[in-house]
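The values are calculated or read from the model by the stated rules, or taken from the named source; none is laboratory data. Note that the structure is a prediction, hence the values are computed from the model and not measured. Cβ atoms come from the backbone with ideal geometry, glycine included; neighbour counts cover every protein chain shown. To get the accessible areas, we keep the full protein, side chains included, count just its heavy atoms, and leave off ligands, DNA and RNA. Shrake-Rupley method; radii C 1.70, N 1.55, O 1.52, S 1.80 Å.
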Protein chains: 2
Amino acid sequence: MLPKGFLVNGVKAGIKKNGKLDMALFYSESACNAAGMFTSNLAKAAPVIISRKYLIKNPKNIRAVVANAGCANACTGKLGLENAQFECQAVGANLNLKPYSVLVASTGVIGQHLPMEKILKGIETLSVNVLKNKSDEKSASQAIMTTDTFAKTSFRKVNGTTIWGTVKGAGMIHPDLKPLHATMLSFILTDAKIDTKTLNNALKEAVENSFNCVSVDGDTSTNDTVVILANGKAENKISTENFKKALNAVCLDLAKMIAKDGEGATKLIEVLVKNAKSSKDAKIIASTIATSPLCKTAIFGNDANWGRILAAAGRAGVNFNPEKTDIYLGSLLVAKNGAAVDFSESAALKILKKNEVKITMDLKAGKEKSIYYTCDLTFGYIKENASYRS
Amino acid sequence: MLPKGFLVNGVKAGIKKNGKLDMALFYSESACNAAGMFTSNLAKAAPVIISRKYLIKNPKNIRAVVANAGCANACTGKLGLENAQFECQAVGANLNLKPYSVLVASTGVIGQHLPMEKILKGIETLSVNVLKNKSDEKSASQAIMTTDTFAKTSFRKVNGTTIWGTVKGAGMIHPDLKPLHATMLSFILTDAKIDTKTLNNALKEAVENSFNCVSVDGDTSTNDTVVILANGKAENKISTENFKKALNAVCLDLAKMIAKDGEGATKLIEVLVKNAKSSKDAKIIASTIATSPLCKTAIFGNDANWGRILAAAGRAGVNFNPEKTDIYLGSLLVAKNGAAVDFSESAALKILKKNEVKITMDLKAGKEKSIYYTCDLTFGYIKENASYRS
């Protein structure tokens, strides 16, 4: 369900050792207002540096994003920067686009150089497909996957305007995306008529409550990138409010898919911290619980070990009163005022065995809240990550 | 090798379901100058609150510490506090000690009440042993173990003064011990003639570079406690410098044992960050690497994945230049100026397969350094923690 005027596709360029789809192109037939958010990691990958630069230079005339999986082009020095720029130039040459109108993103192993011969052939095939008006959402969203087990897309259609997005990411997931800064990759396309300022604000707000509230392993990547392209081809002008609502919904859909598909995950975990003094306090506590290995393995083991949840909150660095705090698993109260209640273990087990588990912590200190998304920590995570590079 | 004038022993009180040793008593025949450091977790366990209180009230006349494993007496409300106090009173009654001269520590499952009947019987047996002059370091150090696979003790003897210490801890290990604040438990006994002020300073310094530089899983416990008792029975007065040196050595020995025996660990990992602008910067970066699941699983998998190490450093929140940073595994240079070098994979494999792996990061930004100790993240960790409470 792509918005009007966009073509996307994915190809096998031979970067991934397993021969799967590994390059994607997101293309607009006309100039787009664009906004992006990038990783705040100091070790920024070359494509992050280049895309950020182009976006600052040329925010009202972005035409395409080229992305690859299998090699992150991170920690690759001067040659890495040259390679990323060369990718943009190659897309431009094939599709007759101006310099700085093509963005670039990479994901995969850190510290290795892009196989440029394969990359350039990939770009050629992707461009030929676009010129032939071939478009295929499925292959594009599959081509950016690394350890993901399913392709992730979502869309909303409101008042004739469509917002479509895809995301990849299963490990090294703890996005800390900053405007013009953000290995999750997400590409969002819309035919909304919207100016760049409103687009930037809308993206920032949507990311803050979605991608910036997801953690798989607490490891913020060198390559995290979210880019939104708006080509203005929709029939009607959408209200800012409606646009924001739809964009929030698409980003939240995608963010939850990341947590659900976290490396080795068997469960999506939603951590709600409510009645906090501030939403910032709530978010810090929720993220500490969501990144606690002890909490995450307990949920994997269907263990209603609420003591670990309270202990994680207690080390979050935020001031609150543990002795006033209640904890729920699903709708089951397991701790009241920081101490045990006599709950039914079988009821807890039933809740914990579901593939979506909600933890609620009520601080009874104020009116603010925050929700953080994560997954359980399992044997599968260890298996995946003890052998990734080799 | 206990210092003069101390008796210690451990018994089976029936708190642990597996019937192993689970209560220990550390006893001095005469009054001790004492110092303690406790967890900074907001959710402080009852024994932490009580021991801290007694230590503030009575730092020059501490006579004993009673400890149990199997139940943490954390998140247990008013009854938990009463039970902890009652333990101290019971030891006092059995051994004719004044109020506030007995400290208490617990470790085990959070949110459950102590089985007081068993505890009181345990205290009686421990006291009878002491009155009969029975002392047994091995049983005392075993009795405080939870998921530990070996008992941990260390000592130094300098100029006729002995410092002996024991520690427990394998999971929920990321001590953030503050003076009069610190589930690792450590009890250090010495016959040194030393005043409480010097003792406090020496303990603070030793802990900062040992227990506060260890992480198994990043989860700071509700019960962490280090207590040192000095009874002044040594023949000579030891110099403060020599005392500090020996205490540092004992604490570092014990801290490294914790990392080596981390839940599921197959390797001790030492992370050295050097040539930083400040030792604080170095410590933050080293601890971020030491708590990165991706770095820890890579080491488990013998994967020289230095990109994960640089990525973890980059998200530490400390300003440094990744493009000037070198990384070594053992003595093997694997990344220079933030980019790959052509190192021998077989040489790296040989280094990674050892049961002690040293990671060195050279920031080339200053002259300060910090060392952090951790372990690999393995299938064993998941197995241990997916089924702990039940």
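Using a 10 Å cut-off around each Cβ of peptide B:285-297, what is the average number of partner chain Cβ atoms that fall inside?
4
With each label point set 7 Å from Cα along the Cα-Cβ vector, what nm distance links residue B:240 and residue A:367?
Those two pseudo-labels are separated by 5.5 nm.
So for segment A:190-267, if I pair up every lysine 8 or more residues apart or on another chain, how many of those pairs have alpha-carbons under 12 Å apart?
4
With a 1.4 Å probe on protein heavy atoms only, work out how much accessible surface B and A bury together, total over both chains, in Å² to the nearest 100.
For B against A, buried area totals roughly 4100 Å².
Considering the dipole of the protein assembly as shown built from charges on the beta carbon (Lys and Arg +1, Asp and Glu -1) around the Cα centre, which of A:192, A:154, B:240 is farthest to its positive end?
B:240
In whole percent, how big is the carbon plus sulfur part of the accessible area of chain A, probe 1.4 Å, protein atoms only?
That share works out to 50 percent.
Kindly rank A:352-364, B:287-299, A:200-212 from highest to lowest mean number of other beta carbons found within 10 Å of each residue.
Values: A:352-364: 17.2, B:287-299: 26.4, A:200-212: 21.6.
So the peptides A:352-364, B:287-299, A:200-212, ranked by packing, come out B:287-299, A:200-212, A:352-364.
In segment B:47-81, what residues drop by 40 Å² or more of accessible area when the other protein chains are put back, versus the chain on its own? Use 1.4 Å, and skip ligands and nucleic acids.
Hits at the 40 Å² cut-off: B:75.
Return the distance in nm (one decimal) between the two label points of a simple spin-label model at residue A:131 and residue B:53, each offset 7 Å from Cα along Cα→Cβ.
8.1 nm
Would you mind working out the accessible area per residue for chain B, using a 1.4 Å probe, and quoting it in Å²?
36 Å²
What does the charge count near residue A:113 come to, summing +1 for each Lys or Arg and -1 for each Asp or Glu among other residues with Cβ under 14 Å from its Cβ?
Taking every Cβ under 14 Å from that of residue A:113, the sum is -2.
Mind pulling the per residue volume of the convex hull built on the Cα atoms of segment B:1-112? Å³ is fine.
Output value, Cα hull per residue: 111 Å³.
Residues of segment B:360-387 losing 30 Å² or more of accessible area relative to the isolated chain, 1.4 Å probe, heavy atoms only?
Listed by number, the residues meeting the 30 Å² cut-off are B:379, B:381, B:382, B:385, B:386.
Please report, in debye to the nearest 20, how large the charge dipole of segment A:138-255 is about its Cα centre when each Lys and Arg carries +1 at its beta carbon and each Asp and Glu carries -1 there.
In debye, rounded to 20, segment A:138-255 gives about 480.
Got a sec? Which residues in segment A:120-153 would a label at residue A:96 touch, if it sits 7 Å along Cα→Cβ and we count backbone N under 18 Å?
A:124-134
List the pair-distance distribution P(r) of segment A:229-384, using every Cα-Cα distance, as the percent of pairs falling in each 5 Å bin from 0 up to the bin containing the longest distance, rounded to whole percents.
Distribution as computed: 2, 9, 17, 20, 17, 13, 9, 6, 4, 3, 1, 0 percent.
Mind grabbing the accessible area of residue B:25 for me, 1.4 Å probe, Å², rounded to tens?
The accessible area comes out at roughly 0 Å².
Which whole number gives the average count of other chain Cβ atoms within 10 Å of the Cβ atoms across peptide B:219-225?
That average works out to 4.
Under the definition of partner shielding as Cβ atoms of other protein chains within 10 Å of a residue Cβ, what is the mean value for peptide A:100-110?
1
Per DSSP H run of n ≥ 4, the term is -39500 (n - 2.57); total these for the protein assembly as shown, divide by its residue number, and report the mean residue ellipticity at 222 nm rounded to 500 deg cm²/dmol.
-10500 deg cm²/dmol
Could you check the simple spin-label distance between residue B:336 and residue A:138, using points 7 Å along Cα→Cβ, in nm with one decimal?
4.9 nm
Between residue B:89 and residue A:280, what is the FRET efficiency for a Förster distance of 56 Å, r being their Cβ-Cβ separation, to the nearest 0.05?
Rounded to the nearest 0.05, the efficiency is 0.80.
Please work out the C-alpha center-to-center distance from segment B:79-94 to segment A:279-315 and express it in whole Å.
If we compute the Cα centre of each part, the gap is 31 Å.
Quick one: net charge of residue A:299's neighbours, Cβ under 10 Å, K/R +1, D/E -1?
Summing Lys/Arg as +1 and Asp/Glu as -1 gives +1.
Mind listing the phi-derived Karplus ³J(HN,Hα) values for segment B:43-56, rounded to whole Hz, using 6.51, -1.76 and 1.60 with θ = phi - 60°, and x for any glycine or proline?
The phi angles translate into 8, 7, 5, 3, x, 5, 5, 5, 4, 4, 4, 5, 5, 5 Hz.
Restricting to lysines 8 or more places apart or on different chains, can you count the pairs in segment A:1-119 with Cα atoms under 21 Å from each other?
Close lysine pairs found across segment A:1-119: 15.
Can you give the extra length, in nm with one decimal, that the chain gains between residue A:387 and residue A:349 once fully stretched, where that is 0.36 nm per residue apart less the Cα-Cα distance?
Stretched out fully, the residue A:387 to residue A:349 stretch lengthens by 10.4 nm.
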